[in-house]
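The values are calculated or read from the model by the stated rules, or taken from the named source; none is laboratory data. Just so you know, these numbers come straight off a predicted model, no measurement behind them. When we count neighbours, we look across all protein chains shown, and the Cβ atoms used for this are built from the backbone with ideal geometry, even at glycine.
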Amino acid sequence: MRRIVYSVPVLVIASFFVFWGIRTTYDPTAKFRASRDSARIIAAKRKELGLDKTIIAQWWTWFTHFLQGNLGVSDRTNDRVWGMLTHAMWPSLQLMFWGTMFALVIAIAVGVYSAVKQYSIGDYAFTGISYIGIAMPTFLFGLLAISLLVTLPVTKFHLTHPYLYSVGLHSSGKSGFNIDYLRHLVLPVLTLTVQSVAVWSRFQRASMLDVLHADYVRTARAKGVPRRKVIFRHAFRNALIPLVTVVALDSAFLIGGLVITEQIFSISGMGQLFLFSLTGGDAPVLLGWFLVVAVFVIVFNLLADLMYGVLDPRIRIS
């Protein structure tokens, strides 16, 4: 409860800086400057939008409307901002969920194996692959994956064109969770998580090595505790704590960092919405977008703090 209370002023302060940054960057009345009676139109529009007030008064009006679920109307499409965000959030949340789960399972498995089999051929192999994954840009991996997959026999693998993979992320409730749904997620999830797997596996390996050399692990081994039990019961749980922080932060930013992946696979998610709003100067959507991402960051940090206590009961948040 204390952490939730602490998160409230963080959100308020973040919302103010987001509002101040957008308001000083974008002028909603700029499109009226080419009008014949531009001065009168701009003055009337500024009064209508409340731009004649101080920046604090403008922010407070916008923030109170946000608390009531009203983020205004898009300058580009005249649609309600909240509706646009919720529509774009669903495919992005699916990518974020499956991408995080896939990357976490692979990264933990690789990290634990590399730590237990330190300096083995497998450890060196996974280290080299991790460095390649870290160095390879996301857009390059996505394009290479598309080029490779479209050359495979379509009739054998039952694959549709990669640029139609976003269809599976907007499927209706009739199809539900099935093979077709997963097939549409394969390439976007792989593209999204290639760097996450590489980075997280290195964190897990380093954390696991620290724990394996701890005194209590050596004591357990000296007492004759089976090796598998030492690794998975004594070492593994404590080795997850540093990884939880990294995963929580990276997962929170994934909801807003899908620009490249969603552009490659034509997915109408949060990343694509941000790009269109940024290039179109759509200030109301950008304000709502940044605030939603800030909420995700705060929530995932809160979940990370709670997970510390689950993994290690000795940890008390103060």
Query raised in the report: With respect to the numbered conditions (1) at pLDDT below 85; (2) within 19 Å of the chain's Cα centre (by Cα); (3) surrounded by fewer than 19 Cβ atoms within 10 Å (Cβ to Cβ), which one is the sole condition not fulfilled by VAL154?
Result: (2)
**Report entry** Matching option when the condition is of a type in the set (Gly, Ala, Ser), crowded, with 18+ Cβ neighbours inside 10 Å and modelled with pLDDT under 85, among ALA283, ALA304
**Finding:** ALA304
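What is the residue count in the stretch 123-133 for residues that are of a type outside the set (Phe, Trp, Tyr) and either in contact with an Asp or Glu (Cβ under 6 Å, 6 or more places away or on another chain) or surrounded by 13 or more Cβ atoms within 10 Å (Cβ to Cβ) (or both)?
Taking the stretch 123-133 as the starting set, the residues that turn out to be of a type outside the set (Phe, Trp, Tyr) are 123, 125, 127-130, 132-133.
Keeping just the survivors that are either in contact with an Asp or Glu (Cβ under 6 Å, 6 or more places away or on another chain) or surrounded by 13 or more Cβ atoms within 10 Å (Cβ to Cβ) (or both) gives 123, 127, 129-130, 133.
Within the stretch 123-133, residues that are of a type outside the set (Phe, Trp, Tyr) and either in contact with an Asp or Glu (Cβ under 6 Å, 6 or more places away or on another chain) or surrounded by 13 or more Cβ atoms within 10 Å (Cβ to Cβ) (or both) number 5.
Conditions (1) at pLDDT 85 or above; (2) in the same structural domain as MET136 (by TED's automatic domain parsing); (3) surrounded by fewer than 16 Cβ atoms within 10 Å (Cβ to Cβ), marked per residue:
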position: LEU159; (1), (2), (3): no, yes, no
position: VAL186; (1), (2), (3): no, yes, no
position: VAL189; (1), (2), (3): yes, yes, no
position: THR193; (1), (2), (3): yes, yes, no
position: VAL199; (1), (2), (3): yes, yes, no
position: ARG202; (1), (2), (3): yes, yes, no
position: THR219; (1), (2), (3): yes, yes, yes
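Quick one: how many residues across the stretch 91-114 are among the hydrophobic types (A, V, I, L, M, F, W, C) and free of Cβ contacts under 8 Å to residues at least 24 places away in the same chain?
First, pick out the residues of the stretch 91-114 that are among the hydrophobic types (A, V, I, L, M, F, W, C): 93, 95-98, 101-110, 112.
Going one step further and asking which of them are free of Cβ contacts under 8 Å to residues at least 24 places away in the same chain, we end up with 97, 101, 105, 109.
Final tally of qualifying residues: 4.
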Report summary line: Conditions (1) of a type in the set (Phe, Trp, Tyr); (2) in the same structural domain as VAL194 (by TED's automatic domain parsing); (3) under 30 Å from PHE265 (Cβ atoms); (4) over 24 Å from the mean Cα position of the chain (by Cα) -> TYR113 fails only (3)
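Just to be sure before I move on: is LEU291 under 25 Å from ALA239 (Cβ atoms), within 15 Å of the chain's Cα centre (by Cα) and in a helix (DSSP H, G or I) in the structure I sent? Reasoning before the result, please.
Values: under 25 Å from ALA239 (Cβ atoms): no; within 15 Å of the chain's Cα centre (by Cα): yes; in a helix (DSSP H, G or I): yes.
Taking the combined requirement at face value, the residue does not satisfy it.
Which one of ALA103, ALA44 is assigned by TED's automatic domain parsing to the domain that holds ALA252 and either in contact with a Lys or Arg (Cβ under 6 Å, 6 or more places away or on another chain) or more than 22 Å from THR279 (Cα to Cα) (or both)? Walk me through it before giving the result.
Values: ALA44 fails: assigned by TED's automatic domain parsing to the domain that holds ALA252.
Just a single option satisfies the conditions, and that option is ALA103.
Based on this model, can you work out whether ILE231 counts as of a type in the set (A, V, I, L, M, F, W, C), under 13 Å from LEU95 (Cβ atoms) and either surrounded by 15 or more Cβ atoms within 10 Å (Cβ to Cβ) or more than 30 Å from the chain's Cα centre (by Cα) (or both)? Working first, answer last.
Details: of a type in the set (A, V, I, L, M, F, W, C): yes; under 13 Å from LEU95 (Cβ atoms): no; either surrounded by 15 or more Cβ atoms within 10 Å (Cβ to Cβ) or more than 30 Å from the chain's Cα centre (by Cα) (or both): yes.
For ILE231, the condition - of a type in the set (A, V, I, L, M, F, W, C), under 13 Å from LEU95 (Cβ atoms) and either surrounded by 15 or more Cβ atoms within 10 Å (Cβ to Cβ) or more than 30 Å from the chain's Cα centre (by Cα) (or both) - is not met.
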**Report entry** Only one of PHE19, PHE63, PHE32 that is in contact with a helix residue (DSSP H, G or I) (Cβ under 9 Å, 6 or more places away or on another chain), over 30 Å from LEU190 (Cα atoms) and modelled with pLDDT under 80
**Finding:** PHE32
